[in-house]
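Visitor: Please read through the structure below; I'll follow up with questions.
A short reminder: the numbers here are calculations on the coordinates, not readings from a lab. Given the structure is predicted, the values throughout are model-derived calculations rather than measurements. Cβ sites come from the backbone with ideal geometry, for glycine too, and all protein chains shown count toward neighbours.
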Amino acid sequence: MDHAPDAQAAALDAGAAAAAPLLSARGLSKHYGGLRAVHDATLDLYPGEVVALVGDNGAGKSTFVKMLCGVVAPDAGSIALHGRMLRFSTPAQARAAGIETLHQNLALVDVFDVAENIFLGRELTRRRFGLFPVLDKASMRARTRDLLQRIGANLPFIDRPVRAMSGGQRQAVAIARLLLDEVHLLIMDEPMAALGVDEGRKVLDLIAELRLRGLTVLIISHNLEHVFSVADRICVMKNGGVVGVVATGTASHDEVVRMIVSGKPVRSSAAT
Ligand SMILES: Nc1ncnc2c1ncn2[C@@H]1O[C@H](COP(=O)(O)OP(=O)(O)OP(=O)(O)O)[C@@H](O)[C@H]1O
Ligand SMILES: [Mg+2]
């Protein structure tokens, strides 16, 4: 697709055009009966960038990311990861390919401590007397500390139930758990929506930290201040379609609001 010169500059500004895309979504569509939830949506995600997906309620943001992570099967379009076409029928298949999704409820077990939550369903064991398998709690705690350190999360305690933790601390646990496997793309659907100002700020710091470590993050948010502070590029959706993508370094708050409202791209937007 041809880009206007300033659109190309915008993509370059974000460091996006320098590498091959990690993920290419092309012409994704999902209809529910006569309703176009997502129509012909195209977006490239590059290694190590944070892209925010914004738009009004019902614009198709959640449906779009659900197609990327295997929750919803597209009616049309294609998804390529590292240049290879993939078709996910289940979230487990997307996960195996390195696409993790952080859901709103985080799915933590309240009465379990941090290490127990992180290793839930994939506990480490060792052999006692070389015979009986027993839980290897020391190794799980050590890996937990290591993971939390990797994402720069400073939890005061890891041996107490997560029930006693704040929203932001719980997010850190959920993110650390995702990183147990090899992750290339982390998708977050409104992770800050239920958090207070301080907690939301900590999640933004976490995202910035993950980005520094080379992860690609796709985040849905209604909060444009958050979006401008954490994202490299912003993809605007309306009525199921991608209106345009702008680099946060070159677009203004007002331009993004105008795109959300009018459904028309602004001067600096690129197609993907
Ligand atoms: N399972 C479904 N069955 C029928 N319609 C659906 C389904 N999921 C989404 N839709 C419809 O598709 C459209 C897009 O919904 P979607 O949840 O993707 O929007 P969104 O941009 O995430 O909105 P919000 O900001 O409110 O979360 C809406 O009109 C919604 O009602
Ligand atoms: Mg949504």
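Visitor: Which aspartates and glutamates, if any, have their Cα less than 15 Å from the Cα of Lys264, not counting same-chain residues under 8 positions apart?
Guide: Result set, ordered by chain and number: Asp56, Asp254, Glu255.
Visitor: Scanning the chain for chymotrypsin sites (Phe, Trp or Tyr not before Pro) in DSSP loops with at most 14 other Cβ atoms within 10 Å, what's the longest stretch left with none?
Guide: 1-128
Visitor: While we're here: State, as an integer percentage, the relative contact order of the chain based on alpha-carbon contacts under 8 Å between residues 6 or more apart.
Guide: With pairs under 8 Å counted, the relative contact order is 28 percent.
Visitor: Which trypsin sites (Lys or Arg not before Pro) does the range 154-255 hold that lie in a coil by DSSP with at most 16 other beta carbons within 10 Å?
Guide: Those satisfying the criteria are Arg213.
Visitor: What full-extension length gain, to one decimal in nm, is calculated for Ala194 and Arg213 as 0.36 nm per residue of separation minus the Cα-Cα distance?
Guide: Details: separation 19, 0.36 × 19 = 6.84 nm, distance 2.59 nm.
Computed gain between Ala194 and Arg213 is 4.2 nm.
Visitor: Give, in nm to one decimal, the length gained when the segment between Ala164 and Arg201 is fully stretched (0.36 nm per residue of separation minus the Cα-Cα distance).
Guide: 11.3 nm
Visitor: May I pose another question? For Leu180 and Ala76, compute 0.36 nm times the residue count separating them, minus their Cα-Cα distance, and round to one decimal in nm.
Guide: 34.2 nm is the gain from fully extending Leu180 to Ala76.
Visitor: Could I ask something else about it? In the range 106-180, if the dipole is taken from +1 on Lys/Arg beta carbons and -1 on Asp/Glu beta carbons about the Cα centre, which of Leu180, Val109, Pro161 is farthest to the positive end?
Guide: It is Leu180, whose Cα lies furthest towards the positive end.
Visitor: Considering only Ala208, Met67, Gly241, whose Cα is most displaced toward the positive end of the charge dipole of the chain, charges sitting on Cβ of Lys, Arg (+1) and Asp, Glu (-1)?
Guide: Met67
Visitor: Tally Lys and Arg at +1 and Asp and Glu at -1 over the other residues with C-beta under 10 Å from the C-beta of Arg122: what net charge comes out? Write out the running numbers ahead of the final one.
Guide: Values: positive: Arg177; negative: Glu123, Asp181.
Its environment carries a net charge of -1.
Visitor: Kirkwood Rh, Cα Rg: Rg to Rh for the chain? Write out the running numbers ahead of the final one.
Guide: Values: Rg = 19.6 Å, Rh = 19.5 Å.
In the chain, Rg relative to Rh is 1.01.
Visitor: What is the sum of charges, Lys and Arg at +1 and Asp and Glu at -1, for the other residues whose Cβ falls under 15 Å from the Cβ of Leu28?
Guide: Neighbourhood net charge equals +3.
Visitor: Output the direction-averaged projected area (hull surface divided by four) of the convex hull of the alpha-carbon atoms of the range 28-107, in nm².
Guide: 6.0 nm²
Visitor: With N set to the number of residues, divide the alpha-carbon radius of gyration of the range 106-180 by 2.2 N^0.38 Å and report two decimals.
Guide: Here the Cα radius of gyration is 1.11 times the empirical estimate.
Visitor: Report the charge-dipole magnitude of the range 106-180 in Debye, nearest 20, computed about the Cα centre from +1 at each Lys and Arg Cβ and -1 at each Asp and Glu Cβ.
Guide: About 200 debye.
Visitor: If you don't mind, there's one more thing I want to ask. Using the crude model of +1 on Lys and Arg Cβ and -1 on Asp and Glu Cβ, and no other charge, please compute the dipole size for the chain relative to its Cα centre, in debye to 20.
Guide: Computed about the Cα centre, the dipole is about 840 debye.
Visitor: Describe numerically, in nm with one decimal, the distance between label points set 7 Å from Cα along Cα→Cβ at Asn57 and at Leu131.
Guide: Placing both labels 7 Å along Cα→Cβ, they lie 6.3 nm apart.
Visitor: Tally Lys and Arg at +1 and Asp and Glu at -1 over the other residues with C-beta under 12 Å from the C-beta of Asp75: what net charge comes out?
Guide: Counting the neighbours of Asp75, the net charge comes to +1.
Visitor: Going 7 Å from the Cα of His253 along its beta-carbon direction, which residues of the range 210-246 have the amide nitrogen within less than 19 Å of the resulting point?
Guide: Residues 221-236, 246 fall inside that zone.
Visitor: Pull up the cross-link candidates among the aspartates and glutamates for Lys30, meaning alpha carbon to alpha carbon under 17 Å and not fewer than 8 places away within one chain.
Guide: Hits, sequence-local ones excluded: Asp40, Asp75.
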